[in-house]
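Report on the structure given below.
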Amino acid sequence: MFSLSQTQNSLTVAWNEQQVLGYHFPEDGNRPFCHPLNLPGAPPLTMNEPGDHVHHQGLWVAWKKVNEVNFWEQPAPGSDPTGFGKIVHQQIVAQSANADSANLTTENAWIDWQGTTHLTEQREITVHPPTADAMQISVSLTLQPNDREVVLDLRRGEPGADGRFYSGMAIRFDNIITPGNLLDADGRTEPMDIFGKQSRWCSFTTQHPTDNETYGVAIVDHPDNPRYPTTWWVRNRENYCLIHPSLVYYEPLHLAADETLNLQYRVVLYRGQPNAGALDNPLSEN
């Protein structure tokens, strides 16, 4: 049985009273995010605000360039905010929890340093009942321009170079479980072989030092998403592991003022090794 508990600026999803996901929307923060993520009774797999990239926040959504405004990073404390934006929580639209699922729907506004809203976002997160070896989370994002054309973009350059090619949804893994093993739907395992390639899904698997058990996380792209299968941005080294479907890796995406962008992903937490057959199943829940 799922349950939801709420404080002023966060929600906790639990399965049989064991936390599996935290959703945070701090008033003084730069974006909503999910942390921790874990299977019932298992240790957390995500990391929030690591010292090397304080804008990495568990499972989060951000963008390097929205009409040239940086919604990915944030300015250093006390510095000039010019050029930066925040993804600001507006309201919880709906929430429910029962034996079949835990569901949370929120509304966010993408607001730049001058107070201009570029996008209104509806975010729906559904946690499905765990099995003995896995738990699925469906993430749905609906982005609507605010009476103006919106260009979603990023920085480009040499593949693998720092500060380039990222934008969208990402997961940062806890440093204590790094490095691990990467695998995409096409059998690639080396970071630079996966980086910049299209694939239906990508997974990260590792041994957790807390209990010496093997765990992993996969992100699965949805066939209805633009530019399916997605292009991937990955890191897998000591103290820095991340997987990220990068929708605009090769070219920007233009949204007319009356156009809506819908994105759907499945995030799968699992014990043991990734089950390629299960990850290749259609995303019927979305």
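Could you tell me whether any residue of region 102-122 is in a strand (DSSP E or B), within 18 Å of the chain's Cα centre (by Cα), under 21 Å from E49 (Cα atoms) and at pLDDT 95 or above?
Yes, some residue in region 102-122 is in a strand (DSSP E or B), within 18 Å of the chain's Cα centre (by Cα), under 21 Å from E49 (Cα atoms) and at pLDDT 95 or above.
All but one of (1) touching an Asp or Glu at 6+ places or on another chain (Cβ under 9 Å); (2) surrounded by 18 or more Cβ atoms within 10 Å (Cβ to Cβ) hold for I92; state the number of the condition that does not hold.
I92 satisfies all of (1) touching an Asp or Glu at 6+ places or on another chain (Cβ under 9 Å); (2) surrounded by 18 or more Cβ atoms within 10 Å (Cβ to Cβ) except (2).
Residue under question is P145, and the condition is that it be within 18 Å of L45 (Cβ to Cβ) and either touching a residue at least 60 places away in the same chain (Cβ under 8 Å) or not small (G, A, S) (or both); does it hold?
no
I'd like the residue in region 97-151 that is surrounded by fewer than 18 Cβ atoms within 10 Å (Cβ to Cβ) and among the β-branched types (V, I, T) and, out of all such residues, is nearest to V20 (Cα to Cα).
T131
Yes/no matrix, rows are residues, columns are (1) touching a helix residue (DSSP H, G or I) at 6+ places or on another chain (Cβ under 8 Å); (2) part of a loop (DSSP other than H, G, I, E, B); (3) surrounded by 14 or more Cβ atoms within 10 Å (Cβ to Cβ); (4) among the hydroxyl-bearing types (S, T, Y):
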{"site": "P36", "(1), (2), (3), (4)": "no, no, yes, no"}
{"site": "L39", "(1), (2), (3), (4)": "no, yes, yes, no"}
{"site": "P43", "(1), (2), (3), (4)": "no, yes, yes, no"}
{"site": "D52", "(1), (2), (3), (4)": "no, yes, no, no"}
{"site": "H55", "(1), (2), (3), (4)": "no, yes, yes, no"}
{"site": "V61", "(1), (2), (3), (4)": "no, no, yes, no"}
{"site": "E73", "(1), (2), (3), (4)": "no, yes, yes, no"}
{"site": "A76", "(1), (2), (3), (4)": "no, yes, no, no"}
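Answer yes or no: is there a residue in region 7-26 that is in a loop (DSSP other than H, G, I, E, B) and surrounded by 17 or more Cβ atoms within 10 Å (Cβ to Cβ).
The answer is yes; a qualifying residue exists.
Among (1) farther than 22 Å from R266 by Cβ; (2) modelled with pLDDT of 95 or more; (3) not aliphatic (A, V, I, L, M), which single condition is Q8 missing?
So Q8 meets the others, but not (2).
Scan (1) of a type outside the set (V, I, T); (2) in a strand (DSSP E or B); (3) out of contact with any strand residue (DSSP E or B) (no Cβ under 6 Å at 6 or more places or on another chain) for the single condition S3 breaks and write down its number.
Going through (1) of a type outside the set (V, I, T); (2) in a strand (DSSP E or B); (3) out of contact with any strand residue (DSSP E or B) (no Cβ under 6 Å at 6 or more places or on another chain) one by one, S3 breaks only (3).
Scan A99, A132 and give me the residue that is under 18 Å from L279 (Cα atoms) and in a loop (DSSP other than H, G, I, E, B).
So the residue among A99, A132 that is under 18 Å from L279 (Cα atoms) and in a loop (DSSP other than H, G, I, E, B) is A132.
The values are calculated or read from the model by the stated rules, or taken from the named source; none is laboratory data. Model, not experiment: these values are computed from the prediction. Every residue, glycine as well, gets a Cβ built from its backbone with ideal geometry; the counts of neighbours run over all protein chains shown.
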